[in-house]
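The values are calculated or read from the model by the stated rules, or taken from the named source; none is laboratory data. None of the values given here were measured: they were computed from a predicted structure. A quick note on method: Cβ atoms are made from the backbone with ideal geometry, for glycine too, and the neighbour counts reach across all protein chains shown. These accessible areas exclude ligands, DNA and RNA; they are computed on the full protein's heavy atoms, side chains included. Shrake-Rupley method; radii C 1.70, N 1.55, O 1.52, S 1.80 Å.
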Amino acid sequence: MADEKLKSAPLAYQNEAFLNSPDGRILRLMSEYSEPLSRFRREQIQDTVVFFGSARIHSQETAASRLTALRSSNDIDISASQQAQDMKRAEAAVDMARYYEDARRLARLLTEWSTQIPAKRHRFVVTTGGGPGIMEAANLGAHEAGGKTIGLNINLPFEQNPNPYITPSLNFEFHYFFMRKFWFAYLAKALVIFPGGFGTIDELFEILTLAQTDKLAKKILVVIYGSEYWHRIMNFQAFVDAGTVSPQDLNLFKFVDSPEDAFTFLRDGLTEYHLGGPPKKEKEQEVLPEIAKTRP
């Protein structure tokens, strides 16, 4: 009726229908920038070392257990050819499990060193995509060393659930791939690429492209771990031989084959490029992470 009071409309920032609509996309994007930034400030994270690698690589214990179970299985519903394929993959998983253990050890070595650096903020914090496999291994190694460790997760239909070793206050969930990629690059001072698939290769070449085209004002160290795997997957020298990249572009990354060699390279490079010289001045009431500025 005319004298009935009209109910108040929902506030725009509480209107879920609007926030989840195409018109609200810009706010969702801004949220995936602003909310992580506020948490990184609160947790005093200055910079990171990002580990990438396959979500499908398991620990030695898990891989060996699955192989044993498969060998003792008497499932008559599976064809002989399927059983042979399953056995081949299970045996490969046992071999690939060494990379899980190496990622775990490297993250632990790096965190044990970085937590001893005298600084107001946390330096070179181990960061992953937050899921299983190599991501879990790196978060686990950092966790075992008693350091903070970051997980930048994303909504996917499979594989991607947060592993339990991420520091709870640094456990993130993204909807937009490119915002997640932004946060991988924004704080990174080094990238460690373990054996992986399409996503791992995508992240590797994205950072290499930014470095190659001089779009980053900071030095990002790139370690490619496991030369046996990567030389089998990809012929980097072929880029140079075909004239599609310059010979010096191959100096943008370094192959390593042991956690100790990788740690030595990272420690020395991070010390040279990011711990030398006087510290930058900061505003007294504003603590910001370092920015992946583009060059003028």
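Each part gets one Cα centre, and for the stretch 74-133 versus the stretch 201-246 those centres are 22 Å apart.
Here the accessible area is traced with a 1.4 Å probe on the protein chains. For the chain, carbon and sulfur cover 54 percent of it.
On the basis of the beta-carbon distance and an R0 of 45 Å, residue 66 and residue 257 show a calculated FRET efficiency of 0.95.
Here, the stretch 182-286 yields an orientationally averaged convex hull projection of 8.3 nm² when only Cα atoms define the hull.
Among 105, 180, 28, 232, the sequence by solvent-accessible area, most first, with a 1.4 Å probe is 232, 105, 28, 180. Heavy-atom accessible surface of residue 30, to the nearest 10 Å², is about 110 Å², with a 1.4 Å probe and all protein chains retained. Convex hull of alpha carbon positions in the stretch 27-129: directionally averaged projected area 10.0 nm².
Computed from the C-alpha gyration tensor, the three semi-axes of the ellipsoid equivalent to the stretch 49-203 are 32, 17, 12 Å, from longest to shortest. The trypsin sites (Lys or Arg not before Pro) of the stretch 109-156 that DSSP puts in a loop, and whose beta carbon has at most 16 other beta carbons within 10 Å, are 120. Against the compact-protein benchmark of 2.2 N^0.38 Å, the Cα-based radius of gyration of the stretch 10-59 scales to 1.73.
Pairs over the 23 Å Cα-Cα cut-off, from the set 148/181; 120/254; 120/148; 148/215: 120/254; 148/215. Rolling a 1.4 Å probe across the protein heavy atoms gives the stretch 1-131 an accessible surface of 64 Å² per residue. The value for the chain of Rg(Cα) / (2.2 N^0.38 Å) is 1.17. In order along the stretch 261-266, the Karplus-derived 3J(HN,Hα) couplings, from 6.51 cos²θ - 1.76 cosθ + 1.60 at θ = phi - 60°, round to 5, 5, 5, 4, 4, 5 Hz, and Gly and Pro are given as x. The local environment of residue 114, defined by Cβ-Cβ distances under 13 Å, has a net charge of +4 under the rule Lys, Arg +1 and Asp, Glu -1.
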